[in-house]
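Below is one structure, written out as structure tokens, with a few remarks after it.
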Amino acid sequence: MIPGSDFFKTNSKNEQFDDKAGLERLVFFSDAVFAIAITLLALDIRLPVDANNLTDQQLYQSLTEIWPKYLSFIISFLVIGNFWIAHHRRYRMISRYDMRLLLLNILVLMSIAFIPFPTSILSENGNRTATIFYSLSIALTGLLSALLWWYASWKNRLLKSDFDPEISYHNLLSILTIPVVFLLSIGLAFINPDLAKFSWILTAPAALIVK
């Protein structure tokens, strides 16, 4: 028996629910966490000095000096947005839920809510440690998201009984593209942190390939 495989078995202690209101509450709560996390990203973009008494030239210089903050904001905004789109699509296919799904969903949301912190670290210091820390945070979020879908779609556990297994498989591959790219970028970070960051762009074509 595979260690931990009992987690994926449905029994009387893990009752399934198919009420629409319960699923809607789960989705609404999830959307709120995504919205708060993505909003917090912008709060970290601040000028290093008081802008009240700056000349045009000084303000321009201050605005251009914080370009790493803009870049980190854009990257994390797109990453969280990608996770939200995947989350939205999954819950259009999920027709039932149970306590284990709720727990997995909470873990996904916890990792999403954490993303503004490594984003802040990356914007302040884009060295190897910051890059690896950010990559690990995003990869963990992606792996938890994949685990949630794997649990829900295993033998159509929480999907409609006639749901196409091939679609489930391709959805899983699509979800895994982000953590795979970010985990691979950790190796690149030991060569060049900027090269590792550039490799994150590969998440877009990778997702299209396995779609």
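Quick notes on this one:
- Cross-chain or 6+ apart pairs with Cβ under 7 Å, the range 70-82 first and touching a residue at least 24 places away in the same chain (Cβ under 8 Å), then loosely packed, with under 14 Cβ neighbours inside 10 Å and in a helix (DSSP H, G or I): F73/A42
- Pairing residues of the range 158-169 that are under 17 Å from L23 (Cβ atoms) with residues that are of a type in the set (V, I, T), at Cβ distances under 8 Å and at least 6 apart in sequence or on separate chains, gives L158/I94; L159/I94.
- Residue within the range 39-56 that is more than 30 Å from S199 (Cα to Cα), part of a helix (DSSP H, G or I) and either modelled with pLDDT under 90 or not charged (D, E, K, R) (or both) present: yes
- Options A196, A139, A204: the member that is buried (at least 22 other Cβ atoms within 10 Å of the Cβ), part of a helix (DSSP H, G or I) and out of contact with any strand residue (DSSP E or B) (no Cβ under 7 Å at 6 or more places or on another chain): A196
- Within the range 18-41, the set of residues being of a type outside the set (A, V, I, L, M, F, W, C) and farther than 21 Å from L159 by Cβ comprises T39 only.
- Any pair with Cβ under 7 angstrom, 6 or more apart, that starts in the range 104-127 at a residue that is closer than 15 Å to A139 by Cβ and ends at one that is acidic (D, E) and modelled with pLDDT under 95: T119/D44
The values are calculated or read from the model by the stated rules, or taken from the named source; none is laboratory data. Bear in mind the structure is a predicted one, so any value in this text is a computation, not a measurement. With ideal geometry, Cβ positions are generated from the backbone for all residues, glycine too; neighbour counts draw on all protein chains shown.
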